[in-house]
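*Asks:* First, the structure itself, so that you have it in front of you.
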């Protein structure tokens, strides 16, 4: 029988090795199946059959499976990496909300947030078109039913002074901004896009804001948002923050000790004064981190005492605090 494509042995071997390399990089499951087939379905002679025969079988099998891998949704290496990132993100949200529930009441505020630099624009029309693209991807349908012409203006301090509507365009310090707010069952979802200082780059944020008692809803929301944001090319790590008042009898040092114990965390740095304490921590239970002083920081814990009510407010965030504490 003539070799595939009438290639000589050396060219056949080279072509086969190239296909195997592609499979190893992008379709490892296909490669494993192929090797299993070759060495388990050709008997003991698989190791002693002629080079031509092995090349012929291998080339046909590789080419066929590689073509199927390009057509059918076989998991690729990138898919596995994205899946691992998603698992890490989901795990961090569940860990911090579960452990925070041991310290704070269910009425404590919970925020889940993702933000990233996105695409560029040349003028206001392009900016608005980009925002419509964001909304369509996140909402799953074109934003025809939204009040897209609602305008909102801000004063020099960045405060809203006019306009209304759930879907708004505005100007903040001379830069374009757009926001869409949606009331969910137990939370509010906010999608915001602003123009950056260079006058041409956009920054997109997506945020879920509710209460700690609705952590299960936040988890489902995050799982639904992740692939939609990926569709926009946004793959940044999620950030989670819980903030709530502690019991009147709470002591900040005792609370910090509990936080370290529950999160299996080690202290990296701290700032404190009479009414505030902010601590950066590394944790064995959390996956996402940022670099702080050459070390990985997974968690920030901050305690602030309101002198008017005499109570401590605790903020826990993975990996960084997103608001005033």
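The values are calculated or read from the model by the stated rules, or taken from the named source; none is laboratory data. These numbers come from a predicted model, not from an experiment. Neighbour counts are summed over all protein chains in view; Cβ atoms, including those assigned to glycine, are modelled from backbone coordinates with ideal geometry.
*Asks:* Name the residues in the range 256-294 that are surrounded by fewer than 19 Cβ atoms within 10 Å (Cβ to Cβ) and in contact with a helix residue (DSSP H, G or I) (Cβ under 8 Å, 6 or more places away or on another chain), would you?
*Replies:* If the condition is that a residue be surrounded by fewer than 19 Cβ atoms within 10 Å (Cβ to Cβ) and in contact with a helix residue (DSSP H, G or I) (Cβ under 8 Å, 6 or more places away or on another chain), then 262, 266, 267, 285, 287 are the ones that fit.
*Asks:* Exactly one condition in (1) in a strand (DSSP E or B); (2) buried (at least 21 other Cβ atoms within 10 Å of the Cβ); (3) over 13 Å from the mean Cα position of the chain (by Cα) is false for residue 203; which is it?
*Replies:* The number of the failed condition is (2).
*Asks:* Still on this model: Please go through the range 212-246 and give me each residue that is within 21 Å of residue 101 (Cα to Cα) and without any contact (Cβ under 8 Å) to a residue 60 or more places away in the chain, ordered by number.
*Replies:* Once the filter is applied, which keeps residues that are within 21 Å of residue 101 (Cα to Cα) and without any contact (Cβ under 8 Å) to a residue 60 or more places away in the chain, the range 212-246 yields 216, 217, 220.
Residues checked against (1) in contact (Cβ under 8 Å) with a residue 40 or more places away in the chain; (2) within 21 Å of the chain's Cα centre (by Cα); (3) crowded, with 16+ Cβ neighbours inside 10 Å; (4) farther than 30 Å from residue 298 by Cβ:
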| site | (1), (2), (3), (4) |
| --- | --- |
| 96 | yes, yes, yes, no |
| 112 | yes, yes, yes, no |
| 122 | yes, no, no, yes |
| 130 | yes, yes, yes, yes |
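*Asks:* Let me spell it out: the conditions are (1) modelled with pLDDT of 95 or more; (2) within 18 Å of residue 114 (Cα to Cα); (3) touching a helix residue (DSSP H, G or I) at 6+ places or on another chain (Cβ under 9 Å), and residue 223 meets all of them except one. Which number is the exception?
*Replies:* (1)
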